[in-house]
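Below is one structure, written out as structure tokens, with a few remarks after it.
The values are calculated or read from the model by the stated rules, or taken from the named source; none is laboratory data. Quick caveat, the model's predicted, so the values are computed rather than measured. Note that each Cβ is placed from the backbone with ideal geometry, even for glycine, and that neighbours are counted across all protein chains shown. Surface areas here come from the heavy atoms of the whole protein model, side chains and all, with no ligands, DNA or RNA. Shrake-Rupley method; radii C 1.70, N 1.55, O 1.52, S 1.80 Å.
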Amino acid sequence: MSKIIVVTGAGGVLCSTLAVALSKQGHKIALLDLNLEAAQEVAAKINKNGGTAIGVKANVLEKESLEAAKKEVNSAFGLCDILVNGAGGNHPLGTTSNPFFQQEDLSSTVEGFKTFFDLDPKGIEFVFNLNFIGTLLPTQIFAKDMVGKKGCSILNISSMNAYTPLTKIPAYSGAKAAVSNFTQWLAVHFSKVGIRVNALAPGFFLTEQNRTLLTNEDGSLTQRGQQIIDQTPMGRYGEPEDLISTTLYLCDEASSFVTGVVIPIDGGFSAYSGV
Ligand code: NAD
């Protein structure tokens, strides 16, 4: 059955792929993004291929912006059935320069060098807000449409670092742990009204956000990039397409008794102790 699906962060690498895949199932897709142009570009691609989609400007951190987006979605398509909370990411201000703190780091003269002690609370706040509040607010706005309807669900995007924090990125790790925790909380909270809530925990995907951290200019892997591959039993980065089948499953009646799960899609990263 055709559903009305709202995807936030839909102009981005992973969620544009998910939006296209969901459109191919006959669903109507509202692509929300801060970057309207990016969202509209994906919507145009979907419409050109016989699907139905609109690009809508929305800031997942502003209730008014989300209310306006909801009005647009409701008048174009009707009430929302499924919400994919895809907007998220890290920020350099919430990231340390080195994985391990050493005493001599305190006297470093390297420009821009950042220890734990230099982390800017504003950067930490930005990352927590984008990932956690940016999941909570769209849910408050769009889940209201789902109350009293059948077959509704919410899909959040967590991450590997929600299980065990990655070095250098305490804010992003903590924020994604909060997203996983919230997924379980919300699944329980909405269980009596039939709204299922689940999450994907993607492993490592080469995207614009992390390309400079993981690859050098000549395309070879950085030390961190190589470490990730070494820790991934399947020995490769994920491709956005690797997320499609689990997304379709969690958004479909096929998973009608599944709620509160966070599914790792990580080539075995989370199962491997490294030994
Ligand atoms: P991306 O940067 O390609 O896409 C993110 C999109 O979100 C962008 O289009 C951006 O414009 C939009 N956005 C940013 N702030 C916004 C806001 N305030 N309101 C609305 N839209 C906003 O990132 P991606 O790699 O495709 O990541 C998608 C999701 O997957 C994120 O939640 C990310 O944390 C998560 N994730 C990514 C990876 C990875 O390896 N790339 C791994 C695990 C989890």
Selection within the stretch 144-188 - assigned to a strand (DSSP E or B) and either without any contact (Cβ under 8 Å) to a residue 24 or more places away in the chain or farther than 25 Å from N210 by Cα (or both): S153, I154
In the stretch 170-183, residue farthest from F116 (Cα to Cα) [restricted to those that are buried (at least 22 other Cβ atoms within 10 Å of the Cβ) and of a type in the set (A, V, I, L, M, F, W, C)]: V179
Meets criteria (modelled with pLDDT under 95 and of a type in the set (D, E, K, R)) for R224: yes
Count - residues of the stretch 1-59 that are more than 16 Å from V73 (Cα to Cα), charged (D, E, K, R) and in contact with a helix residue (DSSP H, G or I) (Cβ under 8 Å, 6 or more places away or on another chain): 1
Residue list for the stretch 210-261, filter: within 19 Å of the chain's Cα centre (by Cα), surrounded by 15 or more Cβ atoms within 10 Å (Cβ to Cβ), part of a loop (DSSP other than H, G, I, E, B) and within 13 Å of the ligand (Cβ to nearest atom): N210, Y237
Residue that is more than 30 Å from L186 (Cα to Cα), without any contact (Cβ under 8 Å) to a residue 40 or more places away in the chain and part of a helix (DSSP H, G or I), where the choices are E125, E104: E104
The stretch 84-100: number of residues that are more than 14 Å from the chain's Cα centre (by Cα) and either part of a strand (DSSP E or B) or among the aromatic types (F, W, Y) (or both): 1
Tally of residues being among the charged types (D, E, K, R) and exposed (fewer than 14 other Cβ atoms within 10 Å of the Cβ) across the stretch 262-275: 0
Residue list for the stretch 59-69, restricted to those being under 12 Å from T8 (Cβ atoms) and touching a Lys or Arg at 6+ places or on another chain (Cβ under 9 Å): S65, A69
Matching residues in the stretch 81-93 - criterion: being within 16 Å of the ligand (Cβ to nearest atom) and not aliphatic (A, V, I, L, M): N85, G86, G88, G89, N90, H91, P92
Residue check for M146: within 15 Å of the ligand (Cβ to nearest atom) and at pLDDT 95 or above: no
Considering residues of the stretch 96-122 that are in contact with a Leu (Cβ under 8 Å, 6 or more places away or on another chain) and either over 22 Å from T207 (Cβ atoms) or within 16 Å of the ligand (Cβ to nearest atom) (or both) only, the residue most open to solvent (accessible area, probe 1.4 Å): K122
Close pairs (8 angstrom Cβ cut-off, 6 or more residues apart or separate chains): among the charged types (D, E, K, R) in the stretch 2-13, open to solvent by 10 Å² or more (accessible area, probe 1.4 Å) and assigned to a strand (DSSP E or B) anywhere: K3/K28
Test: residue in the stretch 29-51 that is over 22 Å from F205 (Cα atoms) and touching a residue at least 40 places away in the same chain (Cβ under 8 Å): yes
One residue from L14, L31, L61 being open to solvent by less than 20 Å² (accessible area, probe 1.4 Å) and modelled with pLDDT of 95 or more: L31
